[in-house]
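Enquirer: Dumping the structure here so I can ask a few things about it.
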Amino acid sequence: MKILVVGNGGREHALAWKLLQSQRIQQVVCIPGNGGTATTKGCQNLPLRVDDFEGIARFALVHNISLVVVGPELPLSLGITDYLQQQGLTVFGPTKEGARIESSKYWAKTLMQSAGIPTPQFAVFTEAEAAIAYVKAQGAPIVVKADGLAAGKGVIVAASVEEAQTAVESLFKNGFKTVVIEECVTGQEVSVLALTDGVSVRPLLPAQDHKRIGEGDTGENTGGMGAYCPAPIVTPALMERIEQEILQPTVEALRQRGIDYRGVLYAGLMITPQGNPTVLEFNCRFGDPETQAILPLLETPLEELLLACSQQRLEQMPPITWKSGTAACVIAAAQGYPGVYKKGDVITGIDQAEELGATVFCAGTQLKQQQLLTDGGRVLGVTATGETFDEAIASSYKAIKCIQFEGMYYRKDIGHRVRGAGFLPS
């Protein structure tokens, strides 16, 4: 089989890496890929844009591609699946209508409301003045969300009314036409990524991401600074509740709207202090960096699961099998991220990190004259596995110390909720 992976991040490098572990996979082509996929054996980069649907389809048809796996939300929201399916190609990823679950916060909230899926109370505004008046009436803390794609950075948890007002003004000024304002719920955030063929749902292991740039979960939101898996706060009993109260009803609600949703249904959840799951948001694709922590533990061949979703036969698949233990991924970012950052710095030490047993997934990188250079805000994801959390996290940090590029920054507290032996579900 030949598989085409659309995207150029750490998630796409991890997908290509995992797919190539199967004896059935002859080649993975990444569009456009990055410096890591360029140097992965069995992988080839193709310099097309992720929104060049015609070019992607032409290549896939000429080269007899068995499956197209779409990584990022942007091409999904633009309708890549619809276009490629019309050309007779098999695609893993929801249609444009299904991708609205991520591309429109308002649409997703109304879907949840109509299906009785637990989610924080919210209000929707198309004018800054009305939104600010609502914020002043509600008080803080309060959450301000852009109704559109914002690369994981369109959510502001405002600790004060002034901060919320600034967030509202900024989002409207930056071109967002609709803003969602919702109550701030507390607890622990968890990412539950599930595979679905539009009928059946199979959750993957739960993961916990670290969205803030600063240690102690402070500072600006990012695309994610590190993740670990499985998240111990999600017990088997809680996972059963998530599946029955959230995932399955969401797929049913989509079907009732005439949407045949095949791909990843990613629930960004808050587990309240009482142990109840509530949906903060849905995404329509694999998470990044959660994927880099989940896939190293997956034993079932990935392409079998993706094909079963695309061909609507997930129910016939045996249960997903997993390796024992834990995986942890620490993100190495460029200085200045998530603001302005420099590109083009030489990256060294990846070989030494991998000699220690880690797997280094490239994200914002490019290969130029056989040198790996920085080319984005989140540059690398360093993943290690271990029988315990402490082991996996310690191995990730040991490996990341081998890597260098100018201004490299990483959080030193990934896994702080479970580090040490004293994790207790709150």
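Coordinate-derived values only; no laboratory data. A quick note: this is a predicted structure, and the numbers were derived from the prediction, not measured. For neighbour counting, all protein chains shown are included, and Cβ atoms are generated from backbone atoms with ideal geometry for every residue, glycine included.
Enquirer: Name the long-range amide H neighbours of residue 368: under 5 Å, sequence gap of 5 or more, or other chain; modelled H, no Pro or chain starts.
Expert: 373
Enquirer: To continue, here is another question. For labels at residue 183 and residue 220 in the simple 7 Å Cα→Cβ model, what's the distance in nm?
Expert: 3.1 nm
Enquirer: Using the structure shown, list the pairs from 2/145; 105/398; 177/412; 211/401; 177/343 with a Cα-Cα distance above 29 Å, or answer none.
Expert: In this structure, 2/145; 105/398; 177/412; 177/343 exceed 29 Å between Cα atoms.
Enquirer: What is the gain in length, in nm to one decimal, between residue 390 and residue 300 on full extension, counting 0.36 nm per residue of separation less the C-alpha to C-alpha distance?
Expert: Length difference between fully extended and current span is 29.9 nm.
Enquirer: Could you please rank 362, 184, placing first whichever residue has the fewest other Cβ atoms within 10 Å of its Cβ? Walk me through the intermediate numbers first.
Expert: Details: 362 29, 184 15.
Going from least to most buried by this count: 184, 362.
Enquirer: Through the Karplus equation 6.51 cos²θ - 1.76 cosθ + 1.60, θ set to phi - 60°, convert the phi angles of segment 36-50 into ³J(HN,Hα) values in whole Hz; use x for Gly and Pro.
Expert: Calculated HN-Hα couplings, in order: x, 5, 5, 10, 8, 4, x, 10, 9, 9, 10, x, 10, 6, 5 Hz.
Enquirer: With θ set to phi - 60°, apply the Karplus curve 6.51 cos²θ - 1.76 cosθ + 1.60 along segment 208-221 and write out the HN-Hα couplings as whole Hz, x wherever there is a Gly or Pro.
Expert: Listing the rounded values in order: 10, 9, 10, 6, 7, 6, x, 4, x, 6, 10, x, 6, 6 Hz.
Enquirer: Where q = 0.17 Å⁻¹, what log10 of I(q)/I(0) comes from the Debye formula for segment 2-95, counting one point per Cα?
Expert: -0.62
Enquirer: Over segment 1-158, one equal point on each Cα, no solvent: what is log10 I(q)/I(0) by the Debye formula at q = 0.12, 0.15 Å⁻¹?
Expert: For segment 1-158, the Cα-only Debye profile gives -0.64, -0.83.
Enquirer: Please list, ordered by chain and number, the residues whose modelled amide H lies under 5 Å from the amide H of residue 189; skip anything fewer than 5 residues away on the same chain.
Expert: Distant-sequence amide H within range of residue 189: 271.
Enquirer: What does the extension gain come out to for residue 64 and residue 351, with contour length at 0.36 nm per residue minus their alpha carbon separation?
Expert: Once the chain is fully extended between residue 64 and residue 351, it gains 99.9 nm.
Enquirer: Obtain the nm distance between the two label points defined at residue 343 and residue 22 by a simple spin-label model: each point lies 7 Å from its Cα along the Cα-to-C-beta direction.
Expert: The modelled label-to-label distance comes out at 3.2 nm.
Enquirer: Beyond 20 Å, what share of the Cα-Cα pairs of segment 121-183 is found? Please give it as a whole percent.
Expert: 11 percent
Enquirer: Which of 19, 53, 71 sits farthest toward the positive end of the charge dipole of segment 2-95, with +1 on the Cβ of Lys and Arg and -1 on the Cβ of Asp and Glu?
Expert: Projecting each Cα onto the dipole axis, the largest value belongs to 19.
Enquirer: Counting just the Cα atoms, what span does the chain cover along each of its three principal axes? Round to the nearest Å and put the largest first.
Expert: Principal axes ranked by extent give 58, 46, 43 Å for the Cα atoms.
Enquirer: Taking the Cα centre as origin and putting +1 on Lys and Arg beta-carbons and -1 on Asp and Glu beta-carbons, what dipole magnitude results for the chain, to the nearest 20 debye?
Expert: 540 debye
Enquirer: Amide H to amide H, which residues 5 or more places from residue 379 or on other chains are under 5 Å from it, using H placed in the peptide plane?
Expert: The list, which skips near neighbours in sequence, is 332, 333, 334, 364.
Enquirer: Next question, about the same structure. Of 111, 92, 137, which is farthest along the charge dipole of the chain in the positive direction, counting Lys and Arg as +1 and Asp and Glu as -1 at C-beta?
Expert: It is 92, whose Cα lies furthest towards the positive end.
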